[in-house]
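Step one of this worksheet: look at the structure below.
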Amino acid sequence: MDRLGPLGGDPATAPPSACDDRLGGAPANVACALARLGTPVAFLGRLGDDLIGSTFIELLRDRGVDLRGLQMDAERPSRVVLVRRDMTGERVFQGFAGDQGQGFADQGLNRSQLSLAWPGVAAAARWLLVGTIPLATPESAEALQWAIEQIDQSDLRLALDVNWRPTFWDPQVDPLSGPAPEVLATMAPLLDRAALIKLAREEAIWLFNSDQPEAISACLHTHPDVVVTDGGNPVRWCIAGHSGVMPVLAPPRVVDTTGAGDAFTAGLLHQLLALTPSGGAPLALSAAVVEQVIRFAAACGALVCTGAGGIDPQPSVSDVEHMLQHSEPVVAVPR
């Protein structure tokens with residue numbers, strides 16, 4: 001649950017009436033966004049057996065998300081993330097609420113339970129999208145690392161949204177700080193196996209000392225496709241051998257930027273699934289088609305900013321097409 005503080009206020013001290021609680025979290029955001037776009041999707045994660053968990057199950061079912069990989073935790077609660085927003089709607093994840101002394105349900109993602117659900121879910125999948133947050137605690141890290149190992153034995157392609165959130169590793173740390181060397185080392189196996197990496201500009205500099213997608217792709221032995229976003233600044237990419245930079249699409253209004261990157265990721269995967277063959281084949285797209293893919297993803301991200309939370313404002317394909325038809329032409333510059 002994302003607890004959005006009042007604009008310019010602190011969700012940790014603001015009265016409940018001034019805060020806005022919205023279901024969220026990157027994996028669920030992307031799953032719900034893909035489902036809204038019409039792409040079949042399964043969610044692999046763990047929720048507390050509480051009000052947040054039951055509300056989330058209802059939402060995921062309403063969206064048509066496959067829940068065979070969902071785990072429920074009877075001991076640990078669903079996590080409440082405190083989100084501070086400035087007067088423009090930009091946000092920082094500053095801490096958590098709801099811990100009863102045992103941590104949160106998502107930290108207990110269980111490898112054994114995951115392995116039981118895996119065959120049925122993975123058999124129908126073409127991509128596995130992961131982030132780095134599960135690496136922050138031992139039990140969820142073990143489950144994630146096991147899932148990554150299964151990539152080598154299947155036709156699945158791995159997509160990584162770095163989604164660096166230092167507060168999940170240490171609630172006392174500066175929420176704007178970069179990862180320590182030992183944390184970077186835990187991320188290396190994900191980076192080394194990924195076929196697609198999406199990361200923010202600051203994450204690119206922390207991890208690779210470069211914000212250039214071509215340079216990032218070249219330094220990894222899998223030579224993955226790479227997309228680097230930068231908030232309201234231009235997005236850069238290196239996909240299917242084509243590189244470019246494009247201004248992002250401006251939303252009609254900005255209420256809250258929570259979930260914009262997740263909607264972008266969903267739009268990107270939705271388009272790649274529609275345009276590429278199954279069976280783990282490499283992407284064979286023209287430069288013009290890659291630009292269309294990025295523009296579609298950018299519209300998904302922009303439209304989420306027009307409402308509160310990362311899920312409720314997510315667009316349908318018709319919403320995206322309407323925005324693209326009424327937006328100023330965007331020219332991508334090859335790099």
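For Leu283, are the conditions met, namely being surrounded by fewer than 24 Cβ atoms within 10 Å (Cβ to Cβ), modelled with pLDDT under 95 and in a loop (DSSP other than H, G, I, E, B)? Considered against the rule, which asks whether it is surrounded by fewer than 24 Cβ atoms within 10 Å (Cβ to Cβ), modelled with pLDDT under 95 and in a loop (DSSP other than H, G, I, E, B), Leu283 comes out as yes. Taken over segment 192-206, the residue count meeting the criterion of being outside any strand (DSSP E or B) and surrounded by fewer than 21 Cβ atoms within 10 Å (Cβ to Cβ) is 7.
The one condition from (1) outside any strand (DSSP E or B); (2) modelled with pLDDT under 95; (3) buried (at least 16 other Cβ atoms within 10 Å of the Cβ); (4) of a type in the set (S, T, N, Q) that Ser78 does not meet is (2). Would a scan of segment 10-19 turn up a residue that is in contact with a Ser or Thr (Cβ under 9 Å, 6 or more places away or on another chain) and aliphatic (A, V, I, L, M)? Within segment 10-19 (the criterion being in contact with a Ser or Thr (Cβ under 9 Å, 6 or more places away or on another chain) and aliphatic (A, V, I, L, M)), the answer is no, since none of the residues qualifies. Inspect segment 105-112 for any residue being at pLDDT 95 or above, farther than 30 Å from Val226 by Cβ and crowded, with 17+ Cβ neighbours inside 10 Å and give the result as yes or no. For segment 105-112, residues at pLDDT 95 or above, farther than 30 Å from Val226 by Cβ and crowded, with 17+ Cβ neighbours inside 10 Å: present. Among strands (runs of 3 or more DSSP E) entirely within segment 1-75, having at least 2 residues that are within 22 Å of Cys305 (Cβ to Cβ) singles out 2-4, 20-22. Any chance segment 294-308 includes a residue that's over 22 Å from Val130 (Cα atoms), in contact with a Gly (Cβ under 6 Å, 6 or more places away or on another chain) and surrounded by 17 or more Cβ atoms within 10 Å (Cβ to Cβ)? Checked against the condition, which is being over 22 Å from Val130 (Cα atoms), in contact with a Gly (Cβ under 6 Å, 6 or more places away or on another chain) and surrounded by 17 or more Cβ atoms within 10 Å (Cβ to Cβ), segment 294-308 yields no hits at all. Counting only helices (runs of 4 or more DSSP H) that sit completely within segment 94-174, those holding 2 or more residues that are polar (S, T, N, Q) correspond to 111-123, 138-151.
The values are calculated or read from the model by the stated rules, or taken from the named source; none is laboratory data. These numbers come from a predicted model, not from an experiment. Don't worry about glycine lacking a Cβ; one is built from the backbone with ideal geometry, like all the others, and counts go over all protein chains shown.
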